Amino acid sequence: MAGGRRTLQVLGEGFHASYPLAATGRLTIGRSSENLVPIDDPEISRHHLVLHVAEALSLEDLGSSNGSWVGDRKLEPRSVTTLLPGDPIRIGSTTLMVLERVVESGSRRLWNYDYLEARIEEECRRCSRHPGSFALVHIVCQPKTAAAVVERRLVALLPDLDVVARYVPGEYQVLLIGADEAQADAVVKRLVAGLADDRVRVRVAAAAYPIDGTTCDELVTRAASRAVDGEIEDDDDGDAGPVIADASTRELYRLAERIAPSRIHVLVVGETGVGKEVLAEELHRRSGRADRPMRRIDCAALPADRAATVLFGGDGTEGALVASRGGTVLLDEVCALGLDVQARLVGLLDANDASLDLRIVAITNRDIEAAVADGEFREDLYFRLDGITLTVPPLRRRPAEIEPLCERFVAEAVRFAGRAETPMLSRDALALLYGYPWPGNVRELRNTVRRAVLLCDGDEITPAHLPAEKLTATFATPSQERSLPPAEPLPPLREVREHFQEAERTRIIAALDRVQGNQTEAAKLLGIARRTLIKRLDAYGLPRPRKKI
């Protein structure tokens with residue numbers, strides 16, 4: 001096929017392919033190798049679709065077994081349907097999309113943003129299965145009228161392997177395939193030197209997988225925040241306080257308020273981007289430690305060879321944990337700590353006497369019990385951190401909070417953009433936002449709203465300013481990559497003492513089962529004295545295991 005101005009993008013489970021389209025022709029698609037576009041997907045028929053390419057595009061379903069969809073519309077078998085560039089086509093578990101080149105420099109192109117997002121998500125999936133790295137660069141140029149100059153320089157400065165896309169007018173993003181943090185920093189310096197001159201001012205920043213995030217929304221947020229604001233914003237908006245408009249959230253925060261004054265360690269779990277840090281901030285704010293700073297440690301960003309030094313110190317220096325005495329330490333993505341560091345953390349928590357008085361709030365988006373079962377997380381550390389577990393429900397389970405969150409994010413975006421007036425969300429735009437399941441949760445909603453504000457020149461945000469194709473796609477389902485199963489409904493609120501006692505009783509039984517009834521070993525596992533264990537057995541009416549003769 002001779003290359004034209006359009007390409008067919010094929011995105012499947014774990015693979016991506018790109019086919020340049022001729023100006024006219026007939027492209028057959030199906031499972032058979034006889035097709036011009038063969039796709040190895042068992043849900044696709046041997047001869048599934050035909051893409052008719054001319055000035056106008058059209059699709060024909062060849063009577064496939066499982067059908068074909070364009071957006072949420074199912075195609076009639078054997079009938080020809082008009083197709084627009086950018087329309088998502090779903091066949092089986094594969095998505096196809098015809099994209100037009102926006103800018104060309106020789107064989108180089110500037111992609112649209114929907115395609116870039118799909119590629120970032122694909123790289124996240126690939127690197128979660130096979131350890132690797134990549135980076136995302138965000139570029140802001142001023143004045144925006146210099147965009148044409150910046151685009152020509154941009155495509156000349158980067159290798160063909162990198163994916164370049166326009167984010168909003170005057171802003172661009174670049175996906176650096178296979179780049180690590182150091183390589184991304186080198187690219188940032190090269191772009192700053194190559195793009196800016198007396199007429200053009202640029203700000204360039206990068207976010208790297210997995211140090212700065214492991215999802216598309218995390219990486220986009222961090223890269224854009226660094227380029228626009230010069231620093232990373234609090235992803236969960238802790239400084240502004242929580243948005244509480246749903247019954248499940250109200251119950252969760254009432255429970256958090258009850259346990260905040262205690263010294264018990266807390267485990268906060270939930271999918272990526274749901275607002276776990278906001279809840280942790282609230283626990284600290286309502287505790288007796290609020291006059292002390294809350295120290296946040298991103299465990300996923302700690303280099304393996306420096307994690308122990310950062311946490312525990314060395315060469316006569318205090319580590320972050322001891323330096324936080326009397327306060328609260330937030331261990332973000334605690335499951336990312338190595339087993340050797342986890343062992344030292346167990347020792348520190350066992351020695352957590354009155355002089356240290358340290359409270360740990362640990363956060364994870366993983367199923368921590370599964371990590372324990374797989375040997376990736378120490379069971380004794382889990383017992384120590386799991387004084388009580390708070391589960392933050394995903395955004396799709398608290399839809400009453402979508403509109404107030406949008407209002408907050410619109411106000412933020414207006415403030416950062418320096419606009420005089422705040423645009424309102426139209427009723428149609430809100431309907432689109434309510435109808436989407438938000439797999440990236442609050443963080444994804446924030447990114448979507450901020451970009452809409454940048455695209456909106458008037459006083460109303462409409463569906464034209466939103467990624468309507470993504471928001472209306474019927475195949476958009478919550479990501480399961482590295483996330484927890486759907487959150488269970490919170491139990492009815494009851495006295496905290498009763499909750500703690502039941503949780504402790506369960507842990508004691510589990511510990512005794514683990515060590516075949518050995519009370520000394522069970523006490524070590526639980527991090528308590530053997531005498532204390534015996535008192536707990538009597539208090540909870542549990543029989544004392546007999547010594548084996």
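The values are calculated or read from the model by the stated rules, or taken from the named source; none is laboratory data. Nothing here was measured: the structure is a model prediction, and the numbers come from that model. Cβ atoms come from the backbone with ideal geometry, glycine included; neighbour counts cover every protein chain shown. Heads up: the accessible areas ignore ligands, DNA and RNA and are worked out on the full protein's heavy atoms, side chains in. Shrake-Rupley method; radii C 1.70, N 1.55, O 1.52, S 1.80 Å.
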### Task
Would you please name the residue that is nearest to CYS127 (Cα to Cα), looking only at residues in the stretch 168-186 that are more than 23 Å from the chain's Cα centre (by Cα) and open to solvent by 20 Å² or more (accessible area, probe 1.4 Å)?
ALA186
### Message
Restricting to the stretch 337-377, give me the number of residues that are farther than 22 Å from ARG325 by Cα, surrounded by 20 or more Cβ atoms within 10 Å (Cβ to Cβ) and without any contact (Cβ under 8 Å) to a residue 40 or more places away in the chain.
### Response
0
#### Entry: Residue check for VAL453: closer than 14 Å to GLY275 by Cα, of a type outside the set (Gly, Ala, Ser), in contact with a helix residue (DSSP H, G or I) (Cβ under 8 Å, 6 or more places away or on another chain) and at pLDDT 90 or above
no
### Task
Kindly indicate the residue of the stretch 314-331 that is modelled with pLDDT under 85 and in a strand (DSSP E or B) and also most open to solvent (accessible area, probe 1.4 Å) among those meeting that condition.
GLU318
### Query
What single numbered condition from (1) part of a helix (DSSP H, G or I); (2) of a type outside the set (A, V, I, L, M, F, W, C); (3) within 30 Å of ALA511 (Cβ to Cβ) fails to hold for ARG396?
(3)
### Task
Could you please find all residues in the stretch 303-344 being polar (S, T, N, Q) and in contact with a strand residue (DSSP E or B) (Cβ under 6 Å, 6 or more places away or on another chain)?
SER324, THR328
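To keep it simple, each residue is scored yes or no on (1) over 18 Å from ILE363 (Cα atoms); (2) open to solvent by 40 Å² or more (accessible area, probe 1.4 Å); (3) in a loop (DSSP other than H, G, I, E, B).
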| position | (1), (2), (3) |
| --- | --- |
| GLU282 | no, no, no |
| ARG289 | yes, no, yes |
| ARG292 | yes, yes, yes |
| ARG295 | no, yes, no |
### Query
Of everything in the stretch 289-305 that's at pLDDT below 85 and of a type in the set (Gly, Ala, Ser), which residue is farthest from GLU218 (Cα to Cα)?
ALA304
### Task
Within the stretch 202-247, work out how many residues are surrounded by fewer than 17 Cβ atoms within 10 Å (Cβ to Cβ), modelled with pLDDT of 80 or more and assigned to a helix (DSSP H, G or I).
1
### Task
Check the stretch 405-415 and report whether any residue there is at positive phi and at pLDDT below 90.
no
### Task
Starting from the stretch 395-422, take each residue that is acidic (Asp, Glu) and list its partners that are assigned to a loop (DSSP other than H, G, I, E, B), counting only C-beta distances under 6 angstrom and pairs at least six apart or across chains.
GLU401/VAL243; GLU401/ALA245; GLU401/ASP246
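For the stretch 521-541, enumerate the residues that are over 19 Å from LEU345 (Cβ atoms) and open to solvent by 30 Å² or more (accessible area, probe 1.4 Å).
Those that are over 19 Å from LEU345 (Cβ atoms) and open to solvent by 30 Å² or more (accessible area, probe 1.4 Å): GLU521, ALA529, ARG530, ARG531, THR532, ILE534, LYS535, ARG536, ASP538, ALA539, TYR540, GLY541.
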### Message
So, in the stretch 409-420, how many residues would count as being in a helix (DSSP H, G or I) and open to solvent by 60 Å² or more (accessible area, probe 1.4 Å)?
### Response
2
### Query
Can you tell which of GLY86, GLY106 is of a type in the set (Gly, Ala, Ser), modelled with pLDDT under 90 and surrounded by 13 or more Cβ atoms within 10 Å (Cβ to Cβ)?
GLY86
### Matching residues, the stretch 70-80, being surrounded by fewer than 19 Cβ atoms within 10 Å (Cβ to Cβ) and either in a strand (DSSP E or B) or within 36 Å of the chain's Cα centre (by Cα) (or both)
VAL70, GLY71, ASP72, ARG73, LYS74, PRO77, VAL80
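Considering only the stretch 421-463, how many residues are open to solvent by 50 Å² or more (accessible area, probe 1.4 Å) and aliphatic (A, V, I, L, M)? Let's see the steps before the verdict.
First pass over the stretch 421-463, keeping only residues open to solvent by 50 Å² or more (accessible area, probe 1.4 Å): 421-422, 424, 427-428, 431, 434-435, 454-455, 457, 459-460.
Imposing the further condition that a residue be aliphatic (A, V, I, L, M) reduces the set to 424, 431, 454-455.
Count: 4.
Please work out which residue is nearest to GLY375 (Cα to Cα), limiting yourself to the stretch 332-365 and to residues that are acidic (Asp, Glu) and at pLDDT below 90.
Across the stretch 332-365, the extreme among qualifying residues is ASP350.
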### Message
Anything in the stretch 335-352 that is basic (Lys, Arg) and under 26 Å from the mean Cα position of the chain (by Cα)? List them, or say none.
### Response
none
### Task
Write out, first by first residue and then by second, each pair whose Cβ atoms fall under 8 Å of each other, whose residues are 6+ apart or on separate chains, and whose first residue, in the stretch 207-224, is free of Cβ contacts under 8 Å to residues at least 60 places away in the same chain while the second is assigned to a loop (DSSP other than H, G, I, E, B) and open to solvent by less than 20 Å² (accessible area, probe 1.4 Å).
ARG222/ASP212; ARG222/GLY213; ARG222/ASP235
